[in-house]
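Chemist: Quick one: this structure, given as structure tokens, is what I'll be asking you about.
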Amino acid sequence: MPTISTVTLNDGATFPELGLGTYNLREEEGTDAIVAAISTGYRLLDSAVNYENEAEVGAAVRRAGDELGVARDELLVTTKLPGRDHGYDSAMASAERSLATLGLDRIDLYLIHWPNPSVDKYVETWQAMIALREGGIVGSIGVSNFTEAMLTRLIDETGVTPAVNQVELHPYFPQGQLRAFHREHGIRSESWSPLARRSELLKEPVIGEIAAAQGVSPTQVVLRWHVQLGSTPIPKSADPARQVENADVFGFSLTDDQVAAISGLERGRLWGGDPDTHEEM
Ligand SMILES: NC(=O)c1ccc[n+]([C@@H]2O[C@H](COP(=O)([O-])OP(=O)(O)OC[C@H]3O[C@@H](n4cnc5c(N)ncnc54)[C@H](OP(=O)(O)O)[C@@H]3O)[C@@H](O)[C@H]2O)c1
């Protein structure tokens, strides 16, 4: 299987072009699934306080070292600060709790999970993220589910541009305008629910036709589309064979017409997660 390619973030860190989603990967089974993904070549692991699986992700990182010889420094562990911990002091304490639960001494990518605009503490929270990075216990800092206006506010009020914005992004919701903003400001796009949680996406005729023409699976077509858009997809799979399939998208290329045809499936958000109104604690 070709290796997962990397890009460089605006803070100089190396960042994979594809990672592993871990929502619902819990308990020993969850850890086993994450270790399987690491053995396949995944290096970027996506977690969050609210997935209640930081312990499993940390355990997988330690097992990868012991059982697979994959050094800690080769792996990028992401976790996300929950809405209930917004605010400077609360964010600092939340990071310490995440480190303790992960059982690690560093969070490689730390994201504000949701902006929660009615609480209006995401700028203060961002200031804590900056301090955490300066303190060395966090590698890169970024956000999730931020709009252009919210990103602009962070940049204007702190002078620090997020390295990553992880957002809902899949062929039904390609986020063209937000991606253009990210490009302009050197923010890496990261796609959550890149397969649209499977839904009917993988059965779309246009995806099937491109898959047949390329000699790959519909899932690989969709994940390659993310890579070519310049957004890192983090497909979640508990199944080792599907994990291999999902990561094996660096040995072929879609044509510009194929990319455009897939983007033509656009119809909007699938789960009502509009960051201006949807809030999570
Ligand atoms: N920042 C945020 O607010 C936010 C929100 C949602 C999600 N996320 C992150 O994004 C990650 C991915 O999103 P997601 O889990 O919602 O959805 P997803 O990755 O789009 O889809 C996952 C679903 O697709 C199935 N699947 C995976 N590979 C497949 C394949 N090759 N063929 C057929 N089915 C396949 C999985 O089942 P199996 O496991 O059985 O393979 C699972 O049911 C999450 O795990 C989480 O880390 C972040």
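Chemist: Identify, by number, the condition in (1) outside any loop (DSSP other than H, G, I, E, B); (2) within 10 Å of the ligand (Cβ to nearest atom) that residue 280 doesn't meet.
Modeler: (1)
Chemist: A further question on this structure: Only residues that are surrounded by fewer than 24 Cβ atoms within 10 Å (Cβ to Cβ), within 13 Å of the ligand (Cβ to nearest atom) and either modelled with pLDDT under 95 or under 25 Å from residue 187 (Cα atoms) (or both): list them for the range 43-59, please.
Modeler: Result: 44, 48, 49, 50, 51.
Chemist: While we're on this one: Mind checking which residues of the range 225-259 are within 25 Å of residue 77 (Cβ to Cβ) and in a helix (DSSP H, G or I)?
Modeler: 226, 227, 229, 240, 241, 242, 243, 244, 245, 246, 247
Chemist: Next question. Does the range 178-186 include one or more residues that are touching a residue at least 40 places away in the same chain (Cβ under 8 Å) and within 11 Å of the ligand (Cβ to nearest atom)?
Modeler: no
Chemist: Any idea which of 194, 174, 162 is more than 23 Å from residue 123 (Cα to Cα) and out of contact with any Asp or Glu (no Cβ under 7 Å at 6 or more places or on another chain)?
Modeler: The unique qualifying residue is 194.
Chemist: If we keep just the residues of the range 180-195 that are out of contact with any Gly (no Cβ under 9 Å at 6 or more places or on another chain) and surrounded by fewer than 21 Cβ atoms within 10 Å (Cβ to Cβ), which is farthest from residue 114 (Cα to Cα)?
Modeler: Applying the filter and picking the extreme gives 184.
Chemist: Tell me which residues, restricted to the range 238-264, are near the ligand (Cβ under 8 Å from one of its atoms) and surrounded by 22 or more Cβ atoms within 10 Å (Cβ to Cβ).
Modeler: Listed by number, the residues that qualify are 243, 246.
Chemist: When the residues of the range 188-202 are narrowed to those that are among the small types (Gly, Ala, Ser) and assigned to a loop (DSSP other than H, G, I, E, B), which ends up farthest from the ligand (Cβ to nearest atom)?
Modeler: It comes out as 199.
Chemist: Residues of the range 24-41 being within 12 Å of the ligand (Cβ to nearest atom) and crowded, with 18+ Cβ neighbours inside 10 Å, which ones? Let's see the steps before the verdict.
Modeler: First pass over the range 24-41, keeping only residues within 12 Å of the ligand (Cβ to nearest atom): 24-26, 29-30, 33-34, 36-37.
25, 30, 33, 34, 36, 37 - these are the residues of the range 24-41 that are within 12 Å of the ligand (Cβ to nearest atom) and crowded, with 18+ Cβ neighbours inside 10 Å.
Chemist: Tell me which residues, restricted to the range 265-277, are aliphatic (A, V, I, L, M) and away from the ligand (no atom under 11 Å from the Cβ).
Modeler: Selection gives 265 alone.
The values are calculated or read from the model by the stated rules, or taken from the named source; none is laboratory data. Everything numeric in this text was worked out from a predicted model, so none of it was measured. All Cβ positions, even for glycine, are placed from backbone atoms using ideal geometry, and neighbour counts span all protein chains on display.
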